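Visitor: Below are the structure tokens for one structure; questions will follow.
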Amino acid sequence: MSAGGYRLGLDLTDRLVLVVGGGPAAVREAGACLDAGARVLLLAPEVDPGLAGRDGLTWRAAPFDPADLSGPDRVWLVHAATGDPTTDDAVARAAEGAGVWCVRAKPQPQAARGHGDERVGRVALVGGGPGAPDLITVRGARLLAQADVVVTDRLGPVDLLAELPAHVEVVDVGKHRDRHPVPQDQINETLVDRARRGLDVVRLKGGDPFVLGRGGEEALHCAAHGIAVEVVPGITSAISVPAAVGIPVTHRGITTSFVVASAHEGAGPSLDGLRDAPQDATLVLLMGVTALGRTAADLVAAGRAPGTPVAIVERGWMPGQRVTRTTLSRAAVDAEAEGVRAPAVVVVGEVVTVPEQAARLLAGSTA
Ligand SMILES: C[S@@+](CC[C@H](N)C(=O)[O-])C[C@H]1O[C@@H](n2cnc3c(N)ncnc32)[C@H](O)[C@@H]1O
């Protein structure tokens, strides 16, 4: 069985799934089934570029025919997601008649609300936490389950998107290897546009929306257009990613303070704040991989000892989590040698040694 399975833990490995429809819901379901190891037969006028060429996908530009359910290769699950309730009903009925599981998309909320309904939707800025699906808050998960539209980033609990009902529109504005991120003003416009159509929008963000996440800008933009925004705090990577490897950002006897800064362009722009911080304060640097050498040099120039312990925690709470332990003077060289990649949180300060202390204590207690 592929890692994690599909909805309700269904094992789709090598099973045939028929997806009827070419819209966002169908594309998402087809992608999730392929991710779960299924073979997918997609009936749609066009194939989405994100699906084209994927292993296990067969595409036919043909309408649904009940005979599709009784071919020699047994269909195990059907997704009826054309967006047309009559067609989806017919597909669902045929699946039921053939004794095949069927997930039928709910009618689109726009249609359900009708033209005369002037209701303005709501926008919730939901902090999704650092990436593990069970590190979102209960309130965040509830709003996600009720959303008509989810505007999502690359970071955060993206696995939860596969659990959304088929009618939910998912707008991915994250940065991917082969394409640029969606500009912030376009994200802002999407939030306002969907809310004006009467839809309830969740803007799902990694970590906490108000920690280096541009959540404040999104809230102000919505407010300027008369749209109420609910902010749901999230577990920020600034604290939780160090914690994933046992590093506390404050620790009695070491420091009572920590500073969180973006190190996107070296410590330069944040240097005043970092210089004003107590010398024992833990520094937690986000977006710090690319400019790590410059940042470390800036910090030494600002008075931090070259031997100050540093931990670089990549992909905290996600598959592939890894920590590289080093010092300020060696950080860039060691990161290069280890092939460190974003996303990562860089922690600078004596707190980095706490997990080693814990390991020694554990070893001592079992000796
Ligand atoms: C644009 S900032 C957003 C921070 C987010 N608002 C928060 O509170 O965590 C993105 C940066 O957060 C850090 N980050 C977020 N999630 C992470 C994770 N799971 N593991 C490591 N770093 C992460 C990385 O430094 C990444 O470049």
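The values are calculated or read from the model by the stated rules, or taken from the named source; none is laboratory data. In this text, all values refer to a predicted model and were calculated from it rather than measured experimentally. A quick note on method: Cβ atoms are made from the backbone with ideal geometry, for glycine too, and the neighbour counts reach across all protein chains shown. The accessibility values were calculated without ligands, DNA or RNA, using every heavy atom of the protein model including side chains. Shrake-Rupley method; radii C 1.70, N 1.55, O 1.52, S 1.80 Å.
Visitor: Which condition from (1) under 30 Å from residue 134 (Cα atoms); (2) among the acidic types (Asp, Glu); (3) open to solvent by 50 Å² or more (accessible area, probe 1.4 Å) is the one that residue 276 breaks?
Guide: The single condition residue 276 does not satisfy is (1).
Visitor: Enumerate the pairs (first residue in segment 310-325 and touching a residue at least 40 places away in the same chain (Cβ under 8 Å); second residue anywhere and open to solvent by 80 Å² or more (accessible area, probe 1.4 Å)) with beta-carbon separation below 6 Å, excluding pairs fewer than 6 apart on the same chain, so at least 6 apart or on different chains.
Guide: 311/325; 321/315
Visitor: If you take the residues of segment 78-103 that are in contact with a helix residue (DSSP H, G or I) (Cβ under 6 Å, 6 or more places away or on another chain) and assigned to a helix (DSSP H, G or I), which of them is surrounded by the fewest Cβ atoms within 10 Å (Cβ to Cβ)?
Guide: So, considering only residues that are in contact with a helix residue (DSSP H, G or I) (Cβ under 6 Å, 6 or more places away or on another chain) and assigned to a helix (DSSP H, G or I), the one surrounded by the fewest Cβ atoms within 10 Å (Cβ to Cβ) is 98.
Visitor: Could you tell me whether residue 359 is crowded, with 16+ Cβ neighbours inside 10 Å, small (Gly, Ala, Ser) and part of a helix (DSSP H, G or I)?
Guide: Working: crowded, with 16+ Cβ neighbours inside 10 Å: no; small (Gly, Ala, Ser): yes; part of a helix (DSSP H, G or I): yes.
Criteria not met by residue 359.
Visitor: If only one of 296, 267, 342, 281 is at pLDDT below 90 and of a type in the set (A, V, I, L, M, F, W, C), which one is it?
Guide: On the way: 296 fails: at pLDDT below 90; 342 fails: at pLDDT below 90; 281 fails: at pLDDT below 90.
Only one candidate passes the filter, namely 267.
Matching residues to (1) open to solvent by 40 Å² or more (accessible area, probe 1.4 Å); (2) farther than 17 Å from residue 233 by Cα:
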site	(1), (2)
128	no, no
139	yes, no
143	no, no
149	no, yes
152	no, no
155	yes, no
159	yes, yes
166	no, yes
172	yes, yes
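Visitor: Keeping to segment 23-66, report how many residues are surrounded by fewer than 15 Cβ atoms within 10 Å (Cβ to Cβ) and under 18 Å from residue 158 (Cα atoms).
Guide: 1
Residues checked against (1) hydroxyl-bearing (Ser, Thr, Tyr); (2) at pLDDT below 90; (3) under 30 Å from the mean Cα position of the chain (by Cα):
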{"site": "16", "(1), (2), (3)": "no, no, yes"}
{"site": "27", "(1), (2), (3)": "no, yes, yes"}
{"site": "76", "(1), (2), (3)": "no, no, yes"}
{"site": "82", "(1), (2), (3)": "yes, yes, yes"}
{"site": "91", "(1), (2), (3)": "no, no, no"}
{"site": "117", "(1), (2), (3)": "no, yes, no"}
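Visitor: Restricting the search to segment 237-253, which residues are within 15 Å of the ligand (Cβ to nearest atom) and open to solvent by 60 Å² or more (accessible area, probe 1.4 Å)?
Guide: The answer is 239, and nothing else.
Visitor: From the list 353, 290, 295, 282, which one is under 23 Å from residue 240 (Cβ atoms), in the same structural domain as residue 265 (by TED's automatic domain parsing) and touching a Phe, Trp or Tyr at 6+ places or on another chain (Cβ under 9 Å)? Don't jump to the end; show me each part of the working.
Guide: Working: 353 fails: touching a Phe, Trp or Tyr at 6+ places or on another chain (Cβ under 9 Å); 290 fails: touching a Phe, Trp or Tyr at 6+ places or on another chain (Cβ under 9 Å); 295 fails: touching a Phe, Trp or Tyr at 6+ places or on another chain (Cβ under 9 Å).
Within the list 353, 290, 295, 282, the selection yields 282.
Visitor: Can you list the strands (runs of 3 or more DSSP E) found entirely within segment 282-331 that contain at least 2 residues being surrounded by fewer than 21 Cβ atoms within 10 Å (Cβ to Cβ)?
Guide: Values: elements: 282-286, 309-314, 322-327.
Hits in segment 282-331: 322-327.
Visitor: Please tell me if residue 315 is closer than 26 Å to residue 134 by Cβ and of a type in the set (D, E, K, R).
Guide: Yes, satisfied.
Visitor: Give me a count of the residues in segment 201-228 that are open to solvent by 20 Å² or more (accessible area, probe 1.4 Å) and either away from the ligand (no atom under 16 Å from the Cβ) or not assigned by TED's automatic domain parsing to the domain that holds residue 143 (or both).
Guide: Residues that pass the stated criteria total 7.
Visitor: Any idea which of (1) closer than 22 Å to residue 259 by Cα; (2) open to solvent by less than 50 Å² (accessible area, probe 1.4 Å); (3) not in a helix (DSSP H, G or I) is the one residue 342 doesn't satisfy?
Guide: (2)
Visitor: Follow-up question, since we're still on this one. Identify all residues within segment 316-330 that are within 10 Å of the ligand (Cβ to nearest atom) and either more than 28 Å from the chain's Cα centre (by Cα) or farther than 14 Å from residue 342 by Cβ (or both); write none if there are none.
Guide: Within segment 316-330, 317 is the sole residue that qualifies.
Visitor: Turning to a different aspect of this structure: Look through 234, 198 and report the one residue that is in contact (Cβ under 8 Å) with a residue 12 or more places away in the chain, open to solvent by less than 10 Å² (accessible area, probe 1.4 Å) and part of a loop (DSSP other than H, G, I, E, B). Break it down stepwise before answering.
Guide: Details: 234 fails: open to solvent by less than 10 Å² (accessible area, probe 1.4 Å).
The unique qualifying residue is 198.
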